[in-house]
Amino acid sequence: SQELEQSPQSLIVQEGKNLTINCTSSKTLYGLYWYKQKYGEGLIFLMMLQKGGEEKSHEKITAKLDEKKQQSSLHITASQPSHAGIYLCGADGSTYKYIFGTGTRLKVLA
Amino acid sequence: EAQVTQNPRYLITVTGKKLTVTCSQNMNHEYMSWYRQDPGLGLRQIYYSMNVEVTDKGDVPEGYKVSRKEKRNFPLILESPSPNQTSLYFCASSSSYNEQFFGPGTRLTVL
């Protein structure tokens, strides 16, 4: 079965610093989703990537899907305390089934 | 406002006492799903439904039941809850092959 591994598991950065979170799949990705979760709350959709080499940006967050479609990265530029939370990658594991990575906990120090 | 609602948000119960967590969406989505989130294990899919009267097992279906009699509702039923079902539960919905919209979560404790 397909698995998603995220790294790092946790990250503490100073406000204003850039950071990158990675999501590696054991199989080819056909749809990769990034979500953000505030502690104990629901997930908020950030971006969806489907094509190899695709890159999307929203405000200070950029996500990429590599050409081989087995890894995605999420990059935050000039981090702010509002970026703190848990970032999860998710994928279509098979028809109608979804899998998620275990998440990356981000803390931004003001 | 487009949303997924879950009730209750918090529940403390005892082993063996049947319970239902309701989930409702107002976006006319065909696809709905239930997940549980546990520390170190991430988000795992329990059951999903592709449309009314069509449901299937996810990765961790043991001890749970679901039904999809109406498009907007997808309740999660625990017939005989056990302590290992203590978890944070999320319901989600989507239209085909698009991002999922998640509910606010239900924190369940089984004593």
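The values are calculated or read from the model by the stated rules, or taken from the named source; none is laboratory data. Just so you know, these numbers come straight off a predicted model, no measurement behind them. With ideal geometry, Cβ positions are generated from the backbone for all residues, glycine too; neighbour counts draw on all protein chains shown.
Per the listing A:LEU11, A:LEU46, A:LEU29, the residue uniquely surrounded by 14 or more Cβ atoms within 10 Å (Cβ to Cβ) and in a loop (DSSP other than H, G, I, E, B) is A:LEU29. Among the conditions (1) out of contact with any Ser or Thr (no Cβ under 9 Å at 6 or more places or on another chain); (2) surrounded by fewer than 20 Cβ atoms within 10 Å (Cβ to Cβ), the only one that B:ASN28 does not satisfy is (1).
Residue count for region B:7-25 satisfying the condition of being part of a strand (DSSP E or B) and either within 11 Å of the chain's Cα centre (by Cα) or surrounded by fewer than 21 Cβ atoms within 10 Å (Cβ to Cβ) (or both): 11. When the residues of region A:12-29 are filtered to those that are hydroxyl-bearing (Ser, Thr, Tyr) and over 11 Å from A:LEU106 (Cα atoms), the one that is modelled with the lowest pLDDT is A:THR28.
For region B:52-80, a residue qualifies if it is under 18 Å from B:GLY103 (Cα atoms) and in a strand (DSSP E or B), and the qualifying residues are B:VAL66, B:ASN73, B:LEU76, B:ILE77. If you filter region B:4-54 down to residues that are at the interface with chain A (Cβ under 10 Å from one of its Cβ atoms) and among the hydroxyl-bearing types (Ser, Thr, Tyr), you find that the one that is nearest to A:LEU4 (Cα to Cα) is B:TYR35. Within region A:83-110, the set of residues being more than 17 Å from A:GLY31 (Cα to Cα), at pLDDT below 95 and of a type in the set (S, T, N, Q) comprises just one member, A:THR102. Check whether at least one residue in region B:63-85 is surrounded by 14 or more Cβ atoms within 10 Å (Cβ to Cβ) and in contact with a His (Cβ under 9 Å, 6 or more places away or on another chain), and report yes or no. Scanning region B:63-85 turns up at least one residue that is surrounded by 14 or more Cβ atoms within 10 Å (Cβ to Cβ) and in contact with a His (Cβ under 9 Å, 6 or more places away or on another chain).
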